[in-house]
Protein chains: 2
Amino acid sequence: MNLLLLEDADFLDACHVRLQGRRLQHLREVHRAEVGSTLRVGRIGGLMGQGQLLQLDAQQAELRVALDQPPPAKLPVTLVLALPRPKMLKRTLQTIAAMGVPRLVLLNSYRVEKSFWQTPFLDAQAIREQLLLGLEQARDTLLPEVHIEQRFKPFVEDRLPGLAAGTLGLLGHPGDYPACPRAVSGPVTLAIGPEGGWIPYEVTLLEQAGLQAVQLGPRILRVETAVPALLARLF
Amino acid sequence: MNLLLLEDADFLDACHVRLQGRRLQHLREVHRAEVGSTLRVGRIGGLMGQGQLLQLDAQQAELRVALDQPPPAKLPVTLVLALPRPKMLKRTLQTIAAMGVPRLVLLNSYRVEKSFWQTPFLDAQAIREQLLLGLEQARDTLLPEVHIEQRFKPFVEDRLPGLAAGTLGLLGHPGDYPACPRAVSGPVTLAIGPEGGWIPYEVTLLEQAGLQAVQLGPRILRVETAVPALLARLF
């Protein structure tokens, strides 16, 4: 954890916080923090700055905080991702938050196994936990929006054209397509398919919604590798 | 597994192979392959092509194979990586193989925990297993070379200058450095530090060996995210 993230409920007043649970344990066991230690802190949804440990024991920690720095800029991207398998979903949520994606749509696709939609990792609280781990890693305070779209056609036909309007719409897909562009300047809507890829019907509908198919070479990458690779190439 | 990888020992003759173990199980349970099924296959270190299932039961599978396609090109890069923690090492080995890195050096650094060097995942056989998973994912047959360098100074002073000679030498490091270049045309030697980064003494020695420090923005990425992000930006 490169940034200690503070919840609104942690604040005793504008510049004092009290922590328990996972973060307390991390402070004691990983950071080996002591009274007087200074740490990077950030208020979820707000500013970042420094915190000084005023008190620390097995039950709780108390810090004085001074928050005066904005979090880093987000990438100008909406990421539309076919729902990955649960284990990969967890890591991908962390990666997305760490890399600064502000808006994620988790979408159904023909090749998404139906059982993936039953995972407890799709609960709002579980998603938030993984996103927070990504923000702590990358030093950011702004949670990405996550939208869950379990029906492909209504999302792609009715809502995606509005999301993609005024952006460069891209659809990552292996095959005989142009290479994914590099270092684009404006906003992007990027769709990444499931293991095994989108089916042709889905590609057609995504293209009709305003996305153009691009490829990233002959190698088939797992979603957790494709996401950072595509984002790093685009921005 | 997007490619069924064949060991030399699997070959009965030039165009017949027999499989047991993990690959047999995967064929039966994940691919649901049947006699007559056609699969993408590749000989480790050799060509790729098609295989047809001649026989399949609980004990073994037999295929007729025709190998006539070269594997995809490798990236012109030598990656020098501070040894990641064991769980991340496994995934990073897969990613490196999948993305087409031909040569990896796992290096010690001040901030690499000593216990990481004790992991059984550093055994040659364990490394090979992870690399094969990456090759199967990406459809490649050529195993990367992996070199283990447990002493930082002798490697960086004595061997790194030779490796980096004639290449663009880069050292990923957060801070006030030039941005990592994009879409380079020639070979690269790229060093990526541990969690917490290289210490200043290490940066100095790496620079003396011919690498220049570059950064990837204010976000601190985990090694498993930084590796695909840097490679996708460079190539």
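Divide by every residue of the protein assembly as shown the summed helix terms, -39500 (n - 2.57) for each DSSP H run of at least 4, and state the resulting mean residue ellipticity at 222 nm, rounded to the nearest 500 deg cm²/dmol.
-8000 deg cm²/dmol
Just which residues of segment A:112-138 lose 50 Å² or more accessible area with every protein chain there, against their chain alone, with the probe set to 1.4 Å?
By number: A:Gln137.
Note the direction-averaged projected area, equal to a quarter of the hull surface, for the Cα convex hull of chain A, in nm².
Over every viewing direction, the Cα hull of chain A projects on average to 13.7 nm².
Leaving out same-chain residues fewer than 8 places away, which lysines sit with a Cα under 23 Å from that of A:Lys87?
Result set, ordered by chain and number: A:Lys114, B:Lys87, B:Lys90.
Hey, got a sec? Which GluC sites (Glu not before Pro) in segment B:132-235 land in a DSSP loop and have at most 11 other Cβ atoms within 10 Å?
Of the GluC sites (Glu not before Pro), not one in the loops of segment B:132-235 has a Cβ with at most 11 other Cβ atoms within 10 Å.
Just the projected area, averaged over all directions, of the convex hull on the alpha carbon atoms of the protein assembly as shown: how many nm²?
Seen from a random direction, the Cα hull of the protein assembly as shown projects 24.4 nm² on average.
Taking the solvent-accessible surface of protein heavy atoms with a 1.4 Å probe, what is the per residue accessible area of segment A:77-234 in Å²?
Computed with neighbouring chains in place, this is 40 Å² per residue.
What Kirkwood hydrodynamic radius do you get for segment A:176-235 when you take the inverse of the mean 1/r over all pairs of distinct Cα atoms, in Å?
By the Kirkwood definition, the hydrodynamic radius is 12.4 Å.
In chain B, once you exclude exposed trypsin sites (Lys or Arg not before Pro) (DSSP loop, at most 12 other Cβ within 10 angstrom), what's the longest stretch remaining?
B:33-150
Can you list the copy-to-copy distances for A:Glu145, using a point 7 angstrom from Cα toward Cβ, in nanometres, shortest first?
In ascending order, 5.1 nm.
For B:Leu168, which sequence-distant residues (separation of 5 or more, or a different chain) have an amide H within less than 5 Å of its own amide H, given hydrogens modelled in the peptide plane?
B:Val188, B:Thr189
Where the accessible area of chain B is counted over protein heavy atoms with a 1.4 Å probe, how much of it, in %, is carbon and sulfur?
Of all accessible area on chain B, carbon and sulfur atoms account for 50 percent.
Once phi is turned into ³J(HN,Hα) by the Karplus curve 6.51 cos²θ - 1.76 cosθ + 1.60 with θ = phi - 60°, what whole-Hz value does each residue of segment A:36-52 show in order, with x for glycine and proline?
x, 4, 10, 9, 6, 10, x, 8, 4, x, x, 7, 10, x, 10, x, 10
Could you run the Karplus curve 6.51 cos²θ - 1.76 cosθ + 1.60 with θ = phi - 60° over segment B:151-165 and give me ³J(HN,Hα) per residue in whole Hz, x for Gly and Pro?
Karplus-based 3J(HN,Hα) across segment B:151-165 equals 10, 4, 5, x, 5, 5, 7, 9, 10, 4, x, x, 5, 7, 4 Hz.
What list of ³J(HN,Hα) couplings, whole Hz, do you get for segment A:94-109 from phi and the Karplus terms 6.51, -1.76, 1.60, once you set θ to phi - 60° and write x for glycine and proline?
With the stated coefficients, segment A:94-109 comes to 4, 4, 4, 5, 5, 7, x, 6, x, 8, 10, 10, 9, 10, 6, 7 Hz.
Compute the relative contact order of chain B as a whole-number percentage, counting only Cα pairs closer than 8 Å that sit 6 or more residues apart in sequence.
About 20 percent, as a whole number.
What average count of beta carbons from other chains do you get within 10 Å of the Cβ of residues in A:208-220?
Mean partner-chain Cβ count within 10 Å for A:208-220: 3.
List the distances, in nm and shortest first, from the label point of B:Arg159 to the matching label points in every other copy, placing each point 7 Å from Cα along the Cα-to-Cβ direction.
Once sorted, the set of distances for B:Arg159 reads 5.3 nm.
Antiparallel DSSP bridges in the protein assembly as shown: what percent, to the nearest 5?
Roughly 40 percent of the DSSP beta bridges within the protein assembly as shown come out antiparallel.
Helix A:223-234 versus the longest principal axis of chain A: what is the Cα-based angle in degrees, 0 to 90, to the nearest 10?
With rounding to tens, the tilt is 90 degrees.
Given a 1.4 Å probe and heavy atoms of the protein chains only, how would you sort B:Ser185, A:Ser115, largest accessible area at the top?
B:Ser185, A:Ser115
Got the B:Asp8 label distances to the other copies yet, label 7 Å along Cα→Cβ, in nm, shortest first?
Sorted ascending, the copy-to-copy spacings read 6.6 nm.
The values are calculated or read from the model by the stated rules, or taken from the named source; none is laboratory data. The structure presented is a predicted model; accordingly, all values stated were derived computationally and were not measured. Here the Cβ is made from the backbone with ideal geometry for all residues, glycine too, and neighbour counts use every protein chain on show. To get the accessible areas, we keep the full protein, side chains included, count just its heavy atoms, and leave off ligands, DNA and RNA. Shrake-Rupley method; radii C 1.70, N 1.55, O 1.52, S 1.80 Å.
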